[in-house]
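Before any comments, here is the structure.
Taken together, the values in this text are just the output of simple stated rules run on the coordinates, not laboratory data. All figures in this text were calculated on a predicted structure; none of them were measured in a lab. With ideal geometry, Cβ positions are generated from the backbone for all residues, glycine too; neighbour counts draw on all protein chains shown.
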Amino acid sequence: MSRRASEILAHVFGYDAFRGEQQAIVEHVAAGGDALVLMPTGGGKSLCYQIPALMRPGTAIVVSPLIALMHDQVSALKEAGVAAGCLNSSLDFDTAHATENALYEGKFDLLYVAPERLLTPRFLDRLDHLRDTGRLALFAIDEAHCVSQWGHDFRPEYLQLSILPERYPAIPRIALTATADQQTREEIARNLNLSHASRFVSSFDRPNIRYTIVEKNDPRRQLLHFIREEIHPQFSRAAGIVYCLSRRKVEETAAWLTEQGIAALPYHAGLPIGMRAEHQNRFLREDGLVMVATIAFGMGIDKPDVRFVAHLDLPRSIEGYYQETGRAGRDGLPARAWMAWSAQDVVTQRRMIDGEDGREDRDYETHRRLARNRLDALVGLAETTACRRQHLLAYFGEDAAPCGNCDNCLEPPQTWDATDAARKALSCVYRTGQRYGAGHLIDVLRGERTDKVRNREHDKLTTFGIGAQLDDKHWRMLFRALVAHEYVKIDHERYNALALTEAARPLLRGEIEFMVRLPPEKARKSRARHKTTTADLPGGIPTTLFDRLRAWRAATAQARNVPAYVIFHDATLREIAIARPAAIDALRQITGIGDRKLQAYGEEILKIVAACA
């Protein structure tokens, strides 16, 4: 069986070796076993069911929640010479009817289907026929976290997929996701009847992604600086995704980036369906576009050459952050994850968690508690002075050494032992009656006899002037940190007054320390802009040949009406540009070139290489 799997891996998909747990998963499912697979985005999840589908007799049914992902996966499989199709609401009647007939006749190796289509009596009858004739290979449930009832990607139809083991008990099932903490894993196993399935948990590490988190200070300008100074000098025509919390902010940010010369498109659920489809297709098929979006965009987007993912607002959870940043660098080449955040972001997210549902039942209260814990874990990631990657992986239960490639590792931040100052601040909140905002509290702490301070006789309090040694900037930084860590909360009905929480008690008593991360010093404006050279590009790629190959790929993809990465990933073109193969046998050794692609494109590629000699 190992030999058969390796032959398919090499001759169909063009890879010379499996990665990580891939081979164990392939052999387990091909032998008829059920599996729950957790593997990071870009880790090769698709091969875990595509290869068993080609090893087992009949058709594999792949459940996917996203139409765009289905079409891209089918296009990529067809390019590799695999008989694949899809059934979803985007197909006209004649095409859907023809696809169903082809399925009935067993003409597909893999068929991608939306969960709501799979659950129809008509489709289940087709599956019954395949089962009864021995031509139903396996079920693959992609994006399995959609079965989690409290996740933001929840799809109610996924809960009904528990019908599969009841109706087809002899057919193996494999459920796959890139993002799931322990609680979500148990929910997937329970709701899909996979409690007895073998579990394969790969490392959550994405070593090619560099994580950077900054405190908001004119976030649009910070984003523009990041794109111009850190992305464009290293990656020409880089594709990226910018996430914002609100639809209005998405549209305003996309328009502003376009004004600044950055090709950007908006995407959110409030846009017309046709516009959303057009923008998504442009992002998938064109080079160098930036998609500014809400979380409505992204799940299942299979574009491997996204060079950066930026957040202008704090996500709701550490899982959401990991999932969204994981859309960068799926091709394994260097990529960036950048985020600007503020204490107000934390307050906004907490209000959304607390107010999203009026129910007070125990299940909802449990969900709210878990959601707040996940948000707190993300705040901890933003505030940490240690390695970001180490902190992120620890959340998913994985030990790691400092990565040497995140902002904290590259430029270790300074910290301030703010324990004493925090106790003074909390005492001042209490002494003033928990009815005032940060500005007034800072005036009291610094001993400023403003009219408001005198009128309320706060200049007679024991906390008046006890913080005179700190300037306004440090006090505001401290209050932001106290809010972020929920030692104080904002009362929005009292004009943003600050009030103590239960968590403040041990800090007030001096039982715990409070360390605050200091913002980095601003970079000198005189620093020369980095200039791109051949040596700066990953692997020292000869730019002329690499650009010629990309231009050929773009033209070929346009002619075949598929995204460019369906033809070849950047990583494959990179390897060709470095190796400069002069013959078909040499080209055959390049990663990502299977037999079908070698036959279709081999001679053209060799001509391009020869022309650049």
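The angle between the Cα long axis of helix 419-431 and the main principal axis of the chain comes to about 70°, on a 0 to 90 degree scale. Positive end of the dipole of the chain (Cβ unit charges, origin at the Cα centre): among 380, 272, 23, the Cα lying farthest that way belongs to 380. Here 107, 249, 216 are placed in order of increasing Cβ neighbour count within 10 Å, fewest first, which gives 107, 216, 249.
For residue 140, the amide hydrogen comes within under 5 Å of the amide hydrogens of 61, 62, 63, 174, counting only partners 5 or more places away or on other chains and with H modelled in the peptide plane. Shown for 311, 485, 225: other C-beta atoms within 10 Å of each C-beta, ranked fewest to most, produce the order 225, 485, 311. Counting only Cβ charges, +1 for Lys and Arg and -1 for Asp and Glu, the dipole size of the chain around its Cα centre is about 1340 debye.
With contacts taken as Cα pairs under 8 Å and at least 6 residues apart, the stretch 535-611 reaches a relative contact order of 30 percent. Scaling the Cα radius of gyration of the stretch 82-182 by the globular reference 2.2 N^0.38 Å produces a ratio of 1.11.
Here the Karplus relation 6.51 cos²θ - 1.76 cosθ + 1.60, evaluated at θ = phi - 60°, turns the backbone of the stretch 546-561 into coupling constants of 4, 5, 5, 5, 5, 5, 4, 4, 4, 5, 5, 5, 5, 5, 9, 6 Hz, with x for every Gly and Pro. Contact order normalised by length for the chain, with contacts defined as Cα pairs under 8 Å and 6 or more residues apart; what percent is it? The value is 14 percent.
Using only alpha-carbon positions in the stretch 259-314, the gyration tensor eigenvalues give semi-axes of 16, 14, 13 Å once each is multiplied by 5 and square-rooted (largest first).
Calculated over the stretch 415-517, the projected area of the Cα convex hull averaged across directions stands at 6.0 nm².
The distance linking the stretch 198-250 with the stretch 88-160 is 35 Å (Cα centroid to Cα centroid, whole angstrom). Expressed as a fraction of 2.2 N^0.38 Å, the C-alpha radius of gyration for the stretch 2-201 is 0.95. The distance linking the stretch 264-287 with the stretch 45-83 is 25 Å (Cα centroid to Cα centroid, whole angstrom). Ordered by the number of other Cβ atoms lying within 10 Å of each residue's own Cβ, fewest first, 141, 576 fall into the sequence 576, 141.
Applied to the stretch 305-311, the Karplus parametrisation 6.51 cos²θ - 1.76 cosθ + 1.60 on θ = phi - 60° returns per-residue 3J(HN,Hα) values of 9, 6, 8, 8, 10, 10, 10 Hz, with x for Gly and Pro.
Evaluating 6.51 cos²θ - 1.76 cosθ + 1.60 at θ = phi - 60° for every residue in the stretch 218-230, the Karplus couplings come out as 6, x, 4, 5, 4, 4, 4, 4, 4, 5, 6, 9, 10 Hz, glycine and proline recorded as x.
In terms of overall dimensions, the C-alpha atoms belonging to the stretch 42-122 reach 34, 25, 23 Å along their principal axes, ordered largest to smallest. For the residue pairs 45/597; 249/303; 452/489, the alpha carbons lie no more than 28 Å apart in every case. Amide H contacts of residue 515: 418, each under 5 Å away and 5 or more positions distant or on a separate chain (H built 1.01 Å from N in the peptide plane; Pro and chain starts excluded).
Per residue, the average separation of C-alpha pairs within less than 8 Å and at least 6 apart gives the stretch 2-201 a relative contact order of 29 percent. The radius of gyration of the Cα set in the stretch 535-611, together with its Dmax, comes out at 11.7, 34 angstrom.
Placing unit charges on the Cβ atoms only, positive for Lys and Arg and negative for Asp and Glu, gives the stretch 100-211 a dipole magnitude near 180 debye about its Cα centre. Taking the Cα centre of the stretch 317-464 as reference, the dipole from Cβ charges on Lys and Arg (+1) and Asp and Glu (-1) amounts to some 580 debye. If you take the Cα centroid of the stretch 386-428 and the Cα centroid of the stretch 437-484, the two points sit 27 Å apart.
Amide H contacts under 5 Å for residue 242: 291, 292, 293, 310, restricted to partners 5 or more places along the chain or on a different chain, H placed in the peptide plane at 1.01 Å from N.
Computed with the Debye formula from one identical point scatterer per Cα of the stretch 374-433, without solvent, the log10 of I(q)/I(0) at q = 0.25, 0.27, 0.30 Å⁻¹ comes to -0.99, -1.06, -1.16. Using only alpha-carbon positions in the chain, the gyration tensor eigenvalues give semi-axes of 49, 30, 21 Å once each is multiplied by 5 and square-rooted (largest first).
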